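One structure below.
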Amino acid sequence: MGNVDMLPDNQKIFIILTGCLLLVVVVELIRRRKMLEQYSAIWLFISLCAVGFIWIYPLLVRLTHLIGAGYTTSTILFCGLFAVILLTLQLSVKISEFAFHIKDMIQELTLLAHKVDQLSQRLESLERRRQSEPLLEPTGQGREEKKANSRKKRA
């Protein structure tokens with residue numbers, strides 16, 4: 001088996017660059033408010049694991065032998081697939097939560113729309129009733145008549 005426990009330098013550089021790039025992208029998405037902190041935690045963890053992968057490579061070799069895989073790349077692929085499955089599960093849970101919230105908001109909006117319709121019908125009936133009642137004299141004329149009446153009473 002020779003030097004199986006060592007990772008070639010070009011692969012180390014690639015892993016470090018990929019992990020750092022992912023870390024920078026996640027931090028930039030958070031800074032621009034395109035990603036919430038609660039979702040960024042898992043991505044930060046993945047990017048740090050990618051960089052930390054260099055130091056845990058001997059553990060990966062042991063895990064590969066333990067599960068009976070032929071190559072460490074198979075173990076990495078399995079771990080990546082498992083991580084994607086977990087991410088998909090988390091997103092499915094969040095989508096379900098959002099669907100419940102949307103349903104509740106639609107029901108609440110429907111009730112509010114019904115109340116608005118009731119209030120507008122009530123307002124229309126009050127306006128019709130007000131229009132059918134005899135109107136009092138306009139405010140300006142009523143004031144002048146009040147002034148004239150008060151002058152007559154003084155005299």
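The values are calculated or read from the model by the stated rules, or taken from the named source; none is laboratory data. Treat the numbers as computed from the prediction; the structure is a model and nothing was measured. Here the Cβ is made from the backbone with ideal geometry for all residues, glycine too, and neighbour counts use every protein chain on show.
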Is it the case that Ser92 is exposed (fewer than 14 other Cβ atoms within 10 Å of the Cβ), assigned to a helix (DSSP H, G or I) and of a type in the set (Ser, Thr, Tyr)? yes
Of the residues Glu124, Glu144, only one is more than 30 Å from Leu44 (Cβ to Cβ), surrounded by 10 or more Cβ atoms within 10 Å (Cβ to Cβ) and at pLDDT 90 or above; which? Glu124
I'd like the full set of residues that are in contact with a helix residue (DSSP H, G or I) (Cβ under 9 Å, 6 or more places away or on another chain) and either loosely packed, with under 15 Cβ neighbours inside 10 Å or touching a residue at least 40 places away in the same chain (Cβ under 8 Å) (or both), limited to segment 13-37. Ile16, Thr18, Cys20, Leu21, Val24, Val25, Lys34, Leu36, Glu37
Mind checking which residues of segment 39-86 are closer than 20 Å to Lys12 by Cα and outside any helix (DSSP H, G or I)? Phe53, Ile54, Trp55, Ile56, Tyr71
Which of the residues that make up segment 50-88 are in contact with an Asp or Glu (Cβ under 6 Å, 6 or more places away or on another chain) and loosely packed, with under 15 Cβ neighbours inside 10 Å? Pro58
Kindly check whether there is at least one residue in segment 108-121 that is under 30 Å from Phe14 (Cβ atoms), modelled with pLDDT of 85 or more and β-branched (Val, Ile, Thr). no
